[in-house]
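Single-structure report; data block below.
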Amino acid sequence: MDLVRQLLDKKVVDRHGREMGRVDSVILEIADHRPPVVSAIELSPSVLAQRVRPILGRWMEGLEHALQISAGRPLRIPFEVITIRDQVTADLAYGETSAAAVEHWLRSIVARIPRSS
Amino acid sequence: MSAIVDLVLGVVTSIGGFVEAGSISTAAQAGSEFGFQLLWAIAIATAMLAMLAEMSGRLAAVGKCSMAAAVRERFGIQFQFVPLTAELAIDLLLLAAEIGGVAIAIRLLTGLSFQWWVVPVGGAVWLVLWLCGFGLIEYGLGLLGIVTLSFVVSAWHLGPMVSDLGAGLLPSLPLHHHLRYGFLTISIVGATVSPYLLNFYSSGTVEEKMTEEELWVNRTTAYLGMSFGGVVSMGVLVTSALVLGPRHILVDSYAQAALMFVPAFGHWSVGLFAAALGIGCFGASVEIALNAGYLLSQVFGWSWGANKPRRDAARFTAAFSVVVAASTAVALMGFDPLRLTTIAVALTVVIMPVVVLPFLVLMNDERYVGDHKSGPVGNGVLAAITILGAVFALVVVPLEILGG
């Protein structure tokens, strides 16, 4: 499998088809005398920023700390619970993951404005 | 039948949505300073835009993803970071310029300083985005934009010589002010081939759920709609060349540009110019703000769509809201909208190669376009546009300093 072309940067949806984000990085497990194995994918702005420039990643981590949303981040999804097709489907509920923190917070604001639903 | 309706609506909205701050200001300046001599630049820029729009629509109809999403998947964030940042900066500046354009249009009608109108206009842009679905935004504003056809009516009324128009459509070198001529040529290309238009076009194709069988609608809309839109831009240039040029009026503000309607429309000239400028810029403002939301959501994989309830796409909603607020703040600082447009257009030209290059790869990748890959002609023209874009990107900054 070509990890960069078939997995990295692909869209990730949960079991109900809700957009969770994109595959921001891929975690490989390397053991002696065995080929590397993909153990998980990661979804996180700080991991993504780190891919652009390490310093941007540190800034983003700092921002997550400041906004008090760093708990459970980056979100690591085990390889066993994902299916890869045109997009990556994770067998979990988006709302229960740490990736939904910002969406939840913004939704609480948006929902207060009339005609938001 | 519905495909025909889609087609007509698509063409009409392309015409109505074509003219905005960038195209009006560059075409008016070109006309007043060089007569019909830069008509060819509008023709070539329009052909480039039509071709790229058709491709981004094809990618969206077949691959079910927008340009920004496809670039993130195919090229990764390291490649996309620079064009993404630049595109957001362009969106911000252009949106500020468009909001300023609407505010100036209202000033022409009311006489009250344009800064009084900036916040109400920004608020109106946001309100349209908050309340309307994609169809209403696209078709409603596009239909209102038909008022911009008054540029064509005006040009027609002035009765330019057909042979002069024909001569203007052939590229030629000027007898004077070569640097200014070069600068305006590149500005016309930058104002026409805006990256926001391309991503907006492909996102719209996804929003409308266009299928592979409707590709002919996409093709016809792109080529026919954009060509007619280009004719409106040419109407601006021709009117400016025949009215402002002989009187040596240089377009350094929109109030001066408004004078171009006097011979054709008399008493109605200011009102009609204000309506064309105001509606053109307002339509573009809504599209640019929406595109900023699309862009960020698609790159980062958030839920997006103008047809979704706003709370179900909270990050998308927040993204376009923040961009509207930021641009309104920039416009409020009192920067001259014409100057903002010039900077945004120059920045567009600088990033043009990285905007066009991905087309060359994506339009030949069957994972995105299936059997509808580009042929040798399409690829050849794209390669030529990429090289041309790279040359433009190299010379735009020196030209801006020397001829801007």
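The values are calculated or read from the model by the stated rules, or taken from the named source; none is laboratory data. Just so it is clear, the model here is predicted, and its values are computed rather than measured. A quick note on method: Cβ atoms are made from the backbone with ideal geometry, for glycine too, and the neighbour counts reach across all protein chains shown.
Per-structure values
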{"item": "Qualifying helices (runs of 4 or more DSSP H) (wholly inside region B:53-166; at least 3 residues being of a type outside the set (A, V, I, L, M, F, W, C))", "result": "B:67-110, B:115-131, B:150-158"}
{"item": "Matching option when the condition is within 12 Å of chain B (Cβ to nearest Cβ), in contact (Cβ under 8 Å) with a residue 60 or more places away in the chain and small (Gly, Ala, Ser), among A:GLY21, A:GLY57", "result": "A:GLY21"}
{"item": "Lone qualifier among B:GLY301, B:GLY293 - being in contact with a strand residue (DSSP E or B) (Cβ under 8 Å, 6 or more places away or on another chain), surrounded by 22 or more Cβ atoms within 10 Å (Cβ to Cβ) and within 14 Å of chain A (Cβ to nearest Cβ)", "result": "B:GLY301"}
{"item": "Some residue of region A:71-88 being assigned to a strand (DSSP E or B), in contact with a helix residue (DSSP H, G or I) (Cβ under 8 Å, 6 or more places away or on another chain) and within 20 Å of B:ARG310 (Cα to Cα)", "result": "no"}
{"item": "Selection from region A:1-11 of residues that are within 9 Å of another protein chain (Cβ to nearest Cβ) and either assigned to a loop (DSSP other than H, G, I, E, B) or within 14 Å of B:TRP304 (Cα to Cα) (or both)", "result": "A:LEU8, A:ASP9, A:LYS10, A:LYS11"}
{"item": "Qualifying residue in region B:70-85 (condition: without any contact (Cβ under 8 Å) to a residue 40 or more places away in the chain and among the small types (Gly, Ala, Ser))", "result": "yes"}
{"item": "Residue count, region A:63-77 (criterion: crowded, with 17+ Cβ neighbours inside 10 Å and touching a Pro at 6+ places or on another chain (Cβ under 9 Å))", "result": "3"}
{"item": "Which listed residue, of A:ARG15, A:ARG51, A:ARG85, A:ARG115, is loosely packed, with under 12 Cβ neighbours inside 10 Å and more than 30 Å from B:LEU129 (Cβ to Cβ)", "result": "A:ARG85"}
{"item": "Test: residue in region A:98-112 that is of a type in the set (Val, Ile, Thr) and either over 30 Å from B:VAL128 (Cα atoms) or exposed (fewer than 13 other Cβ atoms within 10 Å of the Cβ) (or both)", "result": "no"}
{"item": "Pair list, Cβ < 6 Å and 6+ apart or interchain, from region B:302-329 residues that are over 17 Å from B:PHE200 (Cβ atoms) to residues that are part of a loop (DSSP other than H, G, I, E, B) and among the aromatic types (Phe, Trp, Tyr)", "result": "B:ARG315/B:TRP302"}
{"item": "Every residue from region B:129-143 that is surrounded by 20 or more Cβ atoms within 10 Å (Cβ to Cβ) and either under 17 Å from B:SER2 (Cβ atoms) or basic (Lys, Arg) (or both)", "result": "B:GLU138"}
{"item": "The one condition in (1) more than 30 Å from B:LYS308 (Cβ to Cβ); (2) touching a helix residue (DSSP H, G or I) at 6+ places or on another chain (Cβ under 8 Å); (3) modelled with pLDDT of 90 or more; (4) part of a helix (DSSP H, G or I) that B:ALA393 fails to fulfil", "result": "(3)"}
{"item": "Number of the exception - B:PHE335 against (1) away from chain A (no Cβ under 14 Å); (2) under 21 Å from B:ALA86 (Cβ atoms); (3) part of a helix (DSSP H, G or I)", "result": "(3)"}
{"item": "Complete set of residues in region A:89-113 that are assigned to a loop (DSSP other than H, G, I, E, B), within 12 Å of chain B (Cβ to nearest Cβ) and out of contact with any helix residue (DSSP H, G or I) (no Cβ under 8 Å at 6 or more places or on another chain)", "result": "A:ARG112"}
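Condition check ((1) in contact (Cβ under 8 Å) with a residue 24 or more places away in the chain; (2) in contact with a Lys or Arg (Cβ under 6 Å, 6 or more places away or on another chain)) across all residues:
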| residue | (1), (2) |
| --- | --- |
| B:PHE359 | yes, no |
| B:ASN364 | no, yes |
| B:LYS373 | no, no |
| B:PRO376 | no, no |
| B:ASN379 | no, no |
| B:ILE387 | no, no |
| B:VAL391 | no, no |
